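The values are calculated or read from the model by the stated rules, or taken from the named source; none is laboratory data. Here the structure is a predicted model, which is why all the values come from computation and not from measurement. Here the Cβ positions follow ideal geometry from the backbone for every residue, glycine too, while neighbour counts run over all protein chains shown. Side chains are part of the model used for accessible areas, which takes the heavy atoms of the whole protein and leaves out ligands, DNA and RNA. Shrake-Rupley method; radii C 1.70, N 1.55, O 1.52, S 1.80 Å.
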Amino acid sequence: MEMTQPAPPNALDENRHGQIGRPMDRVDGVLKVTGRAPYAYEVKEGTKPAYGWIVEASIAKGRIAELDPRPAEQAPGVLLVLSHLNVPPQGRYSTDVQPRFERAVPYLNDDRIIAYGEPVALVVAETLEQARAAAALVKPRYEPVPGEYAMHAAKAEKPAANVSEPDTAVGDFAGAFATAPVRLDVTYTTPFHIHAQMEPHATLAWWEGDKVVIHCSTQMVEHAQKRVASTLQIPPEKVRIVSRYIGGGFGGKLPVFADVILSAQAARKLGRPVKTALTRQQMFHITTHRSRTVQRLRLGASRDGVLQAIGHEALSHSARYDDFFETAAAQTRTLYAAANRMTQHRVCRLDLPRADSCRAPGEAVGLLALECAMDELAHELGLDPIELRLRNEPAQDPEKHVPYSTRQLVQCMQEGARRFGWNRRNPKPAQVRDGRWLVGMGMCATTRSNYLQTARCKVTLDGSGVLTARMAMTDIGTGTYTILTQIAAEMLGLPPGQVRILLGDSDFPPTSGSGGSFGAATSGSALYDACEKLRAALAHSAGMDPAQAVFDGGRIQGGGKTAHLASLAGDGGLSADGEIRSGDMAKKYSQQAYGAQFAEVAVDSQSGEVRLRRMLGVFAAGRILNLKTATSQVRGGMIWGVGNALHEEGALDHRHGYFANHDLAEYHVAAHADIPPIEVVFLPEVDDKANPLKIKGVGELGISGAGAAVANAVFNATGVRIRDYPLTLDKVLRGL
């Protein structure tokens with residue numbers, strides 16, 4: 001199935017059985033809360049595993065002058081010390097390979113050190129404690145060389161295109177901005193962000209002849225399979241990746257890392273399973289992070305608030321050898337109307353660990369800048385922030401020049417304003433007090449691009465009437481098992497208890513995995529297509545017209561006939577294969593999900609402490625498959641957005657090129673005490689241009705812009721405008 005035209009009416013529209021949209025509990029919930037859902041490190045294989053412990057480089061750039069493995073090799077229980085002295089040949093990392101998550105990633109390949117925390121050895125022993133103790137005996141002698149670690153001192157360059165072009169231009173931005181009656185020219189900075197998933201990266205690997213089996217924590221099974229194959233220089237069919245349960249990804253598990261590659265290498269050398277997990281501290285340097293950004297916003301408007309020019313320039317960093325850049329200006333290309341426009345991305349190549357995708361890459365930090373700049377412009381013009389946005393609502397995508405598939409941003413803002421009591425907001429800052437607390441309200445617009453990828457699915461109905469669906473999709477805690485169960489149950493008229501969803505195995509039909517907010521739409525559409533084909537096969541088997549057939553209660557009815565699905569499946573079962581491809585609908589229509597977020601904060605006038613008092617988000621994201629899981633996803637994103645505004649910051653030591661706060665004690669994320677009840681509302685919507693399910697992604701929608709609503713509320717409360725995130729109390733005090 002390919003999206004070359006709007007999706008026609010289907011069984012999900014009818015929703016005869018009420019499965020679609022209902023807040024069904026997670027089908028894997030009981031397994032998880034009772035400890036019966038094995039994550040990668042908990043998987044048991046018949047042979048007792050050996051345990052790996054990674055030794056990290058303690059310099060950020062240079063070479064290993066000497067590494068003596070003998071003290072570790074002679075330690076109790078040690079089986080292997082793997083280093084550049086004895087590692088097998090590996091593939092070469094190349095930016096010519098696309099997609100980037102399939103590139104070979106050699107570890108321990110030579111004596112060079114290109115980033116702090118880079119693995120220099122893997123110690124494998126009979127127990128975890130023995131491996132950890134022996135790892136402390138590996139003490140390389142280094143020859144360090146100076147490196148570049150600070151963006152402000154590095155040369156910026158234009159990156160190559162990846163998911164989008166780095167630069168766009170419409171009209172004459174420079175001329176229009178120079179002559180605009182009202183001009184705003186501001187620079188916002190956002191810090192390094194760390195994924196901080198609950199589950200660390202972990203691997204169990206063993207070999208079955210010339211085939212490696214790897215249980216790991218990865219968002220994209222197919223990409224992981226190809227990356228391992230290209231690194232170990234074996235065919236992809238000789239690699240099986242299994243990732244059934246994942247304790248959070250947020251983009252930090254799109255690639256696979258040293259735990260996977262080195263466990264596979266060690267398992268082959270030892271001829272037995274090897275299990276390796278990264279420590280929390282190791283995750284800060286061995287895996288990826290979100291780049292720091294420096295963003296310049298220039299808005300030119302008439303005195304009545306109509307934008308005449310909009311410019312957004314974003315600077316981020318990549319590792320010295322990599323080609324990633326943070327697309328922080330991408331949402332500015334579509335959110336507001338203006339005849340003259342410019343967006344530009346530049347990147348600094350630094351001697352740091354690799355920057356890559358982190359929840360809502362681009363929008364999460366880009367909207368922190370854009371939506372505060374819009375608030376600044378509204379204040380300068382004396383306009384309500386919502387009114388300014390209403391006056392710049394585009395009739396079509398202002399850069400692609402195509403219609404929107406759906407766009408309810410205006411409705412989100414208006415409904416949110418009504419529910420939040422926005423009319424009670426005092427537009428003059430620092431006017432509302434509650435004792436020593438200064439109280440204010442802020443809002444932002446929210447948008448996140450909507451994507452559809454390629455995926456396949458196989459469904460089988462057996463003789464007992466149970467439907468089983470298989471695909472190499474993953475559930476990273478978002479509720480994928482549950483919403484796929486609901487889709488299949490609705491399509492075949494089965495109780496959810498008679499649907500089995502099997503995911504996370506590269507032996508299953510390939511999918512694009514979880515990421516980019518495309519997981520539910522892509523895997524769900526492949527499942528939908530498979531179910532449609534199975535419905536047709538069952539109808540033909542029963543001698544019925546598929547268009548007239550009704551599926552209900554494990555039976556099919558039509559044309560005066562009734563048949564049990566189990567009987568039609570028979571002892572051999574009945575199967576169907578489904579597939580989804582994106583087609584050209586994404587080119588014919590601009591596809592985004594939208595929302596408006598509102599925050600009320602109180603700021604201690606003496607200490608500068610910021611407390612969130614209440615928060616509301618109103619969203620339009622196509623059809624909602626499961627109200628409970630969708631609400632959870634969006635609320636979680638909003639909470640992360642609060643953290644982006646007030647807490648989160650990777651503190652880079654510019655002298656030595658490492659994150660000084662490399663644990664969850666010092667890298668502050670929002671805690672329960674920081675978060676009041678957050679209200680999430682979805683507006684009714686279906687988008688038949690997006691996919692056959694008519695849904696949009698919600699996994700990254702809530703974080704997109706949420707922090708800007710908080711920052712704008714702080715300004716309204718205090719009159720202090722802080723353009724350097726996070727808004728820590730020292731910055732607030734300085735302004736007060």
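Looking across the stretch 54-76 at every residue that is in contact with a Ser or Thr (Cβ under 9 Å, 6 or more places away or on another chain) and β-branched (Val, Ile, Thr), the one that is farthest from Ala135 (Cα to Cα) is identified as Ile64.
Hey, can you tell me all the residues within the stretch 709-736 that are assigned to a loop (DSSP other than H, G, I, E, B) and over 14 Å from Leu646 (Cα atoms)? If you could, list the steps in order and put the result at the bottom.
Of the residues in the stretch 709-736, the ones assigned to a loop (DSSP other than H, G, I, E, B) are 719-723, 725-728, 736.
Selection gives Gly719, Val720, Leu736.
For the stretch 23-45, taking the residues that are of a type in the set (Ser, Thr, Tyr) and under 23 Å from the mean Cα position of the chain (by Cα), the one that is nearest to Leu484 (Cα to Cα) is identified as Tyr39.
Check the stretch 590-608 and report whether any residue there is more than 30 Å from Asp375 (Cβ to Cβ), under 36 Å from the mean Cα position of the chain (by Cα) and open to solvent by 30 Å² or more (accessible area, probe 1.4 Å). No: zero hits. Given the condition open to solvent by 10 Å² or more (accessible area, probe 1.4 Å), assigned to a helix (DSSP H, G or I) and aromatic (Phe, Trp, Tyr), answer yes or no: does some residue in the stretch 678-694 qualify? No: the stretch 678-694 contains no residue that is open to solvent by 10 Å² or more (accessible area, probe 1.4 Å), assigned to a helix (DSSP H, G or I) and aromatic (Phe, Trp, Tyr).
With respect to Gln592, is the statement that it is within 30 Å of Ala360 (Cα to Cα) and polar (S, T, N, Q) true? Break it down stepwise before answering.
Working: within 30 Å of Ala360 (Cα to Cα): yes; polar (S, T, N, Q): yes.
Yes.
Only one of the listed residues (Ala576, Ala547, Ala586) is of a type outside the set (S, T, N, Q) and modelled with pLDDT of 95 or more. That residue is Ala576.
Of the residues making up the stretch 580-589, none is part of a strand (DSSP E or B), open to solvent by less than 20 Å² (accessible area, probe 1.4 Å) and farther than 28 Å from Ala488 by Cα.
Give just the number: which of (1) more than 30 Å from Leu297 (Cβ to Cβ); (2) surrounded by 15 or more Cβ atoms within 10 Å (Cβ to Cβ) does Thr127 not satisfy? With respect to (1) more than 30 Å from Leu297 (Cβ to Cβ); (2) surrounded by 15 or more Cβ atoms within 10 Å (Cβ to Cβ), Thr127 is out only on (2).
Okay, residues lined up against (1) within 19 Å of Ser357 (Cβ to Cβ); (2) open to solvent by 10 Å² or more (accessible area, probe 1.4 Å); (3) of a type in the set (A, V, I, L, M, F, W, C); (4) modelled with pLDDT of 95 or more:
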residue	(1), (2), (3), (4)
His201	yes, no, no, yes
Leu204	no, no, yes, yes
Val256	yes, no, yes, yes
Leu262	no, no, yes, yes
Arg292	yes, yes, no, yes
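Residues considered: Ala174, Ala196. Of these, the only one that is at positive phi, touching a Gly at 6+ places or on another chain (Cβ under 9 Å) and open to solvent by 10 Å² or more (accessible area, probe 1.4 Å) is Ala196. Taken together, Met473, Met441 contain a single residue that is touching a residue at least 40 places away in the same chain (Cβ under 8 Å) and assigned to a strand (DSSP E or B), which is Met441. Per the conditions (1) open to solvent by 10 Å² or more (accessible area, probe 1.4 Å); (2) within 30 Å of Leu350 (Cα to Cα), the sole criterion not satisfied by Leu184 is (2).
Screening Ile310 against (1) of a type in the set (A, V, I, L, M, F, W, C); (2) over 28 Å from Tyr149 (Cα atoms); (3) assigned to a loop (DSSP other than H, G, I, E, B); (4) open to solvent by less than 10 Å² (accessible area, probe 1.4 Å) leaves a single unmet condition, (3).
When the stretch 221-247 is examined, which residues are found to be open to solvent by 10 Å² or more (accessible area, probe 1.4 Å) and not in a helix (DSSP H, G or I)?
Step one: of the stretch 221-247, the residues open to solvent by 10 Å² or more (accessible area, probe 1.4 Å) are 222-223, 225-226, 230, 233-238, 240, 244-245, 247.
The answer is Gln233, Ile234, Pro235, Arg240, Arg244, Tyr245, Gly247.
So which of Val347, Val402, Val410 is open to solvent by 10 Å² or more (accessible area, probe 1.4 Å), modelled with pLDDT of 95 or more, of a type in the set (Val, Ile, Thr) and in contact with a strand residue (DSSP E or B) (Cβ under 7 Å, 6 or more places away or on another chain)? Selected residue: Val402, the only one of Val347, Val402, Val410 that is open to solvent by 10 Å² or more (accessible area, probe 1.4 Å), modelled with pLDDT of 95 or more, of a type in the set (Val, Ile, Thr) and in contact with a strand residue (DSSP E or B) (Cβ under 7 Å, 6 or more places away or on another chain).
Among the strands (runs of 3 or more DSSP E) contained in the stretch 128-209, which hold 3 or more residues that are in contact (Cβ under 8 Å) with a residue 24 or more places away in the chain and within 28 Å of the chain's Cα centre (by Cα)? Spell out how you get there, then give the answer.
Values: elements: 141-144, 168-170, 182-190, 202-208.
Per the criteria, 182-190, 202-208.
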